[in-house]
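A.B. asks: If you scroll down you'll find the structure; I have some questions about it.
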Amino acid sequence: MLIAKNLTHRYTSGGRPLEVLTEIDLTIAPGEFVAVVGPSGSGKTTLLGLLAGLDLPTEGTVELDGVDLSALSEDGRARLRAAKVGFVFQSFQLLSTLTAHENVLLPLELLGDDRRHGEAAHQLLDRVGLGVRGHHYPTQLSGGEQQRVALARALANEPRFLFADEPTGNLDRANGAHVLELLERANRDTGATVVLVTHDPALTASAHRVVRLDDGRIASEERR
Ligand code: ADP
Ligand code: MG
């Protein structure tokens, strides 16, 4: 369960506070697939970062499987993320000096050493259709391929919560559809809760619920 209560977030910009989220209440059930949509600047990325525990809200609370993220230290939040959270960024954010295989291996190594991790990383790459590309570096892969490596990396810890911030924003339609299908499959096959930020209405078709943000507030929610 993912419960956000009364989230308000402000950035300090040029010495002045800028409120970008206002009194957000959102409860996401286990296994739910939620799409968050809204215009650029409406606070989607900020909200996703708060829900995933990458950052703490100025006011309000986020509870992830019963744990109040504000009550944890930064290390505690990092440990919780390593155990339960997968995150996919619009810009892939693979480490350029590591191969695809090594990028996927990284979160597995964070969970403790186990000689089976090499095989697990290979299986994850296989799952996203890149089993034969493990030795390639990010620059040797197309955008769509890099995003599938990033998704394999996000799935490595078998996350209960998978967050994706416009993961298809830099991809053409065919590659975008492939990445969306992998997110849907993770939701269906592993029961992971998925929160997908997108501004492409086509990508919301498979969501159980669409939450629309406007100027930092929830403007509407539509259940499917
Ligand atoms: P979206 O993802 O919907 O485009 P964001 O959450 O990225 O929205 O941004 C919401 C607002 O917060 C925007 O006005 C943006 O300029 C501002 N913002 C985002 N990150 C920062 C930051 N680190 N410092 C100051 N302002 C920020
Ligand atoms: Mg954004």
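The values are calculated or read from the model by the stated rules, or taken from the named source; none is laboratory data. If you're wondering where the values come from, they're calculated on a predicted model, not measured in any experiment. All Cβ positions, even for glycine, are placed from backbone atoms using ideal geometry, and neighbour counts span all protein chains on display.
A.B. asks: Give the number of residues within segment 1-36 that are within 9 Å of ligand 1 (Cβ to nearest atom) and under 16 Å from the mean Cα position of the chain (by Cα).
C.D. replies: Of the residues in that region, 1 qualify.
A.B. asks: Please verify whether segment 57-69 includes one or more residues that are loosely packed, with under 13 Cβ neighbours inside 10 Å and either away from ligand 1 (no atom under 16 Å from the Cβ) or modelled with pLDDT under 95 (or both).
C.D. replies: The answer is yes; a qualifying residue exists.
A.B. asks: Taking residue 148, is it basic (Lys, Arg) and surrounded by 18 or more Cβ atoms within 10 Å (Cβ to Cβ)?
C.D. replies: yes
A.B. asks: Among 196, 213, which is the only one that is over 18 Å from residue 88 (Cβ atoms), within 16 Å of ligand 2 (Cβ to nearest atom) and not in a loop (DSSP other than H, G, I, E, B)?
C.D. replies: 213
A.B. asks: Would you tally the residues in segment 158-208 being more than 16 Å from ligand 1 (Cβ to nearest atom), of a type in the set (Gly, Ala, Ser), within 24 Å of residue 107 (Cβ to Cβ) and touching a strand residue (DSSP E or B) at 6+ places or on another chain (Cβ under 8 Å)?
C.D. replies: Total meeting the criteria: 2.
A.B. asks: Still on this structure, please answer the following. Can you pull out every residue in segment 55-67 that is more than 19 Å from the chain's Cα centre (by Cα) and among the acidic types (Asp, Glu)?
C.D. replies: Scanning segment 55-67 gives a single hit, 59.
A.B. asks: Next question. Being of a type in the set (Ser, Thr, Tyr) and either at pLDDT below 95 or in contact with a His (Cβ under 6 Å, 6 or more places away or on another chain) (or both) narrows it down to one of 206, 220, so name that one.
C.D. replies: 206
A.B. asks: Then there's this: Among all residue pairs at least 6 apart or on different chains, which show Cβ distances below 6 Å where the first residue, located in segment 44-56, is closer than 15 Å to residue 75 by Cβ and the second is more than 8 Å from ligand 2 (Cβ to nearest atom) and among the polar types (S, T, N, Q)?
C.D. replies: Sorted first by the residue in segment 44-56, then by its partner, the pairs are 56/70.
A.B. asks: Can you tell me how many residues within segment 160-187 are without any contact (Cβ under 8 Å) to a residue 24 or more places away in the chain and within 16 Å of the chain's Cα centre (by Cα)?
C.D. replies: Number satisfying all stated conditions: 2.
A.B. asks: If you go through segment 191-203, how many residues are at pLDDT below 95, among the hydrophobic types (A, V, I, L, M, F, W, C) and crowded, with 17+ Cβ neighbours inside 10 Å?
C.D. replies: Qualifying residue count for the region: 1.
A.B. asks: Could I ask something else about it? From the list 107, 167, pick out the single residue that is within 16 Å of ligand 2 (Cβ to nearest atom) and more than 25 Å from residue 5 (Cβ to Cβ).
C.D. replies: 167
A.B. asks: Within segment 24-37, does at least one residue satisfy the condition of being within 13 Å of ligand 2 (Cβ to nearest atom), part of a strand (DSSP E or B) and closer than 25 Å to residue 184 by Cβ?
C.D. replies: Yes - at least one qualifying residue is present in segment 24-37.
A.B. asks: Right, something else. Could you check how many residues of segment 70-101 are polar (S, T, N, Q), surrounded by 16 or more Cβ atoms within 10 Å (Cβ to Cβ) and at pLDDT 95 or above?
C.D. replies: Qualifying residue count for the region: 1.
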